[in-house]
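What follows is a single structure, written as structure tokens, with notes after it.
Every number in this text was worked out from the coordinates using simple rules, so none of it is lab data. None of these values were measured; they are calculated from a predicted model. Cβ coordinates were reconstructed from backbone atoms using ideal geometry, including for glycine residues, and neighbour counts include every protein chain displayed.
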Amino acid sequence: MKYGVSLILAVLIIAGCSPENTEEIAIFNEISFALHEGESIADFGDREKDQFHSYFSNTDIQVPLFKYITADDYSVYMGLPFNTSVRDISGFRLLNTPQNQSAVRTDSASYFYINHRSETNYISEFVIDIDENMIYIIAETDSPQLSDSLFNYTALSKRLNQEIND
């Protein structure tokens, strides 16, 4: 009995000391997207679909909404583009005013990142080609601090995990 209680207590202590939330969204081909504490996968309805698709209303780029992630102060939309390339998406701008761009990174073939500021929101776009499959992420927040810390290029890149099978 003592051994069982001690074992349960040890497991609870170890689980409570875990520094990271390990919940992830499986995407495809052993690739996943890590969720932060406070984020949850939400069902998306017409309002979320319309918001996401409004970004692409002036283009032929097709990016179906795959997952919608919410937290208290932001939303993350994840789409899976098809019949396009990183180069095509990098040539398209959600917000066409250059003065609203605060960061741009690209190698023009495998990834593209840009951060925009609209009147009320900070929007980060990140598209990456992994094994000839593309993932497109749009993160929206009204907080410049969250935009700079959670939705910069490095932070978004690190949230994509790929299992390598030997």
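Gyration tensor over the Cα atoms of the range 23-71: the corresponding equivalent ellipsoid has semi-axes (square roots of 5 times the eigenvalues, largest first) of 23, 15, 8 Å. Counting other Cβ atoms within 10 Å as a rough exposure proxy, the listed residues F112, F44 run F44, F112 from fewest neighbours to most. At an R0 of 22 angstrom, the distance between the Cβ atoms of I130 and D72 translates into a FRET efficiency of 0.15. The convex hull of the Cα atoms of the range 21-162, projected and averaged over all directions, covers 8.1 nm². Counting every other Cβ atom within 10 Å of each residue's Cβ, V63, V86, V104 order from fewest to most as V104, V86, V63.
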